[in-house]
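Q: Pasting in a structure now, in structure tokens, and then I'll have a few things to ask.
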Amino acid sequence: MLTIKIDLIAKLKNTSEFMKAYKDGDEKNVFNGKSLIFFSLSNTDLSSRYEISNFLLDKNIDVLCKNKEDETVLHVLLGQRKHDIEKTYRLCERLIEKGVNINEKDGKGQVALIYIIRLNKSDEELEQLYNLWFSQPNLDLTSKDSTGFSAIEYARKFPYRSSLIERMEKYESKRAY
């Protein structure tokens, strides 16, 4: 019988299968240079993504590492296509509380806010995430990525990000003083 490694189970299987295969200490291991939470955050089964990731956070898994693409756990989570925004918000909140830097750049120089901007959701649907990001000190809206765009410039490319753009401009104008 073929045994699937715990990293692939975290990414491809449901919570029940993960819990059956999980052994104490798995959260401390590195798989192909990545913490186990990188795999659970990219699970396409939404319930399993949130349940496994929260379980690993409860086990104090290392969240301050990056993958080969220089992405943080926030980049990986927010880079997924499907989301339950309420659960994504709560997971982001936990990751930030555990010290993940919202201004950390990935290998393309993009902050996690750019990943939020790209989500296929309205500004209204993303309001909770916006509130979380804007509540953090020193939110980086202006540093450029490898293509020469900042988060605020990126938001301007999307016609459905008008309320976010207004909020970003207001935030930047307050920082100018």
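Q: In Å and from the alpha-carbon atoms only, list the Rg and Dmax of the chain.
A: Radius of gyration, then largest Cα-Cα span, for the chain: 17.0, 65 Å.
Q: OK, next. Add +1 for every Lys or Arg and -1 for every Asp or Glu among the other residues with Cβ under 10 Å from the Cβ of Thr44, and state the total.
A: Details: positive: Lys11, Arg49, Arg81, Lys82; negative: Asp45.
Neighbourhood net charge equals +3.
Q: Rounding to the nearest 20 debye, state how big the charge dipole of segment 6-137 is about its Cα centre with +1 on each Lys and Arg Cβ and -1 on each Asp and Glu Cβ.
A: Its charge dipole is roughly 380 debye.
Q: Follow-up question, since we're still on this one. Compute the length gained on full extension between Leu8 and Tyr171: take 0.36 nm times their separation in residues and subtract their Cα-Cα distance, giving the result in nm to one decimal.
A: 54.6 nm
Q: Turning to a different aspect of this structure: Over all pairs of distinct alpha carbons, what does the Kirkwood formula give as the hydrodynamic radius of segment 13-64, in Å?
A: Across segment 13-64, the inverse of the average 1/r is 10.9 Å.
Q: Quickly work out the Arg81-to-Asn138 label distance, labels modelled 7 Å from Cα along the C-beta direction, and quote it in nm with one decimal.
A: Taking the simple label geometry, Asn138 and Arg81 are separated by 3.7 nm.
Q: Could you pull out every whole DSSP H run in the chain that spans at least 15 Å of Cα extent along its own axis and averages -1.0 or higher on the Kyte-Doolittle scale?
A: 46-58, 85-97
Q: Run the numbers for Asn29 and Tyr160: contour at 0.36 nm per residue of separation, minus the present Cα-Cα distance, in nm. Before the final figure, lay out the partial values.
A: Values: separation 131, 0.36 × 131 = 47.16 nm, distance 4.15 nm.
Residue separation times 0.36 nm, minus the Cα-Cα distance, leaves 43.0 nm.
Coordinate-derived values only; no laboratory data. Only a predicted model underlies this, so the values are computations on that prediction, with no experimental measurement involved. FYI the Cβ positions are ideal-geometry reconstructions off the backbone, even for glycines, and counts take in every protein chain you see.
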